[in-house]
Amino acid sequence: MTNLNRIRVVVLGSSKVGKSAVTVRYLTKRYIGEYSSTTDFMYRHNVTFDSVTTEVEILDTCKCAATGCLYDHIRWGEAFVVVYSICDMNSFNDAHTLLDKLSKLKLPSYYTTLLLGNKRDLDHSRAVCVDAGQELSLRYSCQYYEVSAAESFAGVSLAFQSLLREARSVQLLRAMPIRRKLGVNSVSKVLGTIFGKNSNKRDRKKRPSLSI
């Protein structure tokens, strides 16, 4: 049953892409450059949309793409931040793998996703072009942002807020009486109309995408 007073967010990605950096930057506005942890961390804070306060639980994962805990995280989460480094093509390939696993393990009307390219301040060492990130986000119908956790709180904050707003909208739509009359596939089509999950390629290019 959907809990409209809580959004569960999972931050995923390979090691050294800045998962903890972007999470802490969003929560505290502070940047901490070095993290070395083999443990997942859970953070809780409140967000307010349209005068309604919702608790947000953010699970900052360690490198778990190759471990069994990934499936538990995917089952637990409702919104996902998939992080890669624009300086590391392998991390981008890992992000692709994670998006594919999400699409296979979660029904479209049960989750939202943000593809987040980090380390934009290191553009001189770029290995993943903006177009590649954009195309991957279009393929999986998710939001896409490029940010620098090291240089800017604003970009990270905007990306997280966009994800949470969409997650909140998905929750509200799932809770509507229409869901009892329509099958899950029909609800998915309704969500696709709103968020672009089942639209044609031209429409999907209207998905949020920003480089900050």
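Things worth noting here:
- Along segment 130-146 the Karplus relation, 6.51 cos²θ - 1.76 cosθ + 1.60 evaluated at θ = phi - 60°, assigns HN-Hα couplings of 4, 4, 5, x, 4, 5, 5, 5, 5, 4, 9, 6, 10, 5, 9, 9, 10 Hz to successive residues, with x for each Gly and Pro.
- Near-label residues of segment 40-64 by backbone N, under 18 Å of a point 7 Å along Cα→Cβ of Lys16: 62-64
- Residue-count net charge about Phe41 - beta-carbon cut-off 12 Å; Lys, Arg +1, Asp, Glu -1: -1
- Centre-to-centre, using Cα atoms only, segment 93-148 and segment 7-62 are separated by 17 Å.
- Proximity of backbone amide H atoms, modeled 1.01 Å from N, is registered between Val81 and Val10, Val11, Leu12, Leu114 at under 5 Å, excluding neighbours fewer than 5 places apart on the same chain.
- Segment 36-125: antiparallel DSSP beta bridges as a percent of all, rounded to 5: 55 percent
- In nm, spacing of pseudo-spin labels at Glu135 and Ala154 (7 Å Cα→C-beta vector): 3.1 nm
- Links that overshoot a 19 Å alpha carbon limit, given the list Lys19/Lys119; Lys16/Lys119; Lys19/Lys106: Lys19/Lys106
- Surface analysis of segment 6-175 yields an accessible area of 43 Å² per residue, using protein heavy atoms and a 1.4 Å probe.
- Gain in span if fully extended, Glu57 to Leu122, counting 0.36 nm per residue against the direct Cα distance: 20.4 nm
- Cα point-scatterer Debye curve for segment 6-175, base-10 log of I(q)/I(0) at q = 0.08, 0.12 Å⁻¹: -0.21, -0.48
The values are calculated or read from the model by the stated rules, or taken from the named source; none is laboratory data. What you see is a predicted model; the values in this text were computed from it and never measured. Backbone-built Cβ (ideal geometry, glycine too); neighbour counts: all protein chains shown. Note: areas computed on protein heavy atoms with side chains; ligands, DNA, RNA excluded. Shrake-Rupley method; radii C 1.70, N 1.55, O 1.52, S 1.80 Å.
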